Amino acid sequence: MIELPGGPQALDRLGADDLVSGVLSLHDMHPHPLEARVKAALEEARPYLQSHGGDVELTHMAEGSVHLRMRGACGHCSGSTQTLKNTVEEAIYRVAPEVVAILTEEAPALPEIQLVSLQVNQTGRTHGPSTYNPG
């Protein structure tokens with residue numbers, strides 16, 4: 001462990017600096033564990049992802065690889081899935097340059113739910129089932 005004047009708080013401040021953090025990470029000297037930094041990066045990216053109808057979940061980490069599950073994407077944006085993936089990758093590599101790979105998988109689609117609503121119009125006829133997709 002590194003000892004600096006100012007104690008652990010000084011090391012935390014150095015770890016918070018983007019440039020110094022990267023150097024500490026590459027030399028396996030970062031004061032914060034890799035998983036904690038990856039989770040913090042995902043939390044930082046989450047509001048942007050959610051504003052575009054997406055989200056991300058860390059499934060596990062192994063041998064320098066980060067495994068993520070991506071959910072959703074904004075349907076009206078062309079290339080939105082790739083944009084969201086790029087946003088997550090940039091956030092992770094910024095705080096954890098020692099990560100060797102970021103592997104993503106798509107979350108399973110939500111099933112369609114068949115809703116049945118019968119509406120009677122003025123002639124006594126009913127209008128039948130409609131489909132609802134909660135995603």
When only C-alpha pairs under 8 Å and at least 6 residues apart count, what is the relative contact order of region 33-108, in percent? 36 percent
Ranked list, fewest to most other Cβ atoms within 10 Å of each Cβ, for 103, 58, 84, 68: 103, 58, 68, 84
How do 89, 63 line up, fewest other C-beta atoms within 10 Å first? 63, 89
Exposure proxy check: 94, 71 ranked by fewest other beta carbons within 10 Å? 94, 71
Listed by chain and number, the residues whose amide H is under 5 Å from that of residue 104, excluding neighbours fewer than 5 places away on the same chain and using placed H, are 68
If each K or R counts +1 and each D or E counts -1, the residues other than residue 34 whose Cβ falls under 12 Å of its Cβ total -2
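The numbers here are math on the coordinates, done by the rules we state, and not lab data. Just so it is clear, the model here is predicted, and its values are computed rather than measured. Cβ atoms come from the backbone with ideal geometry, glycine included; neighbour counts cover every protein chain shown.
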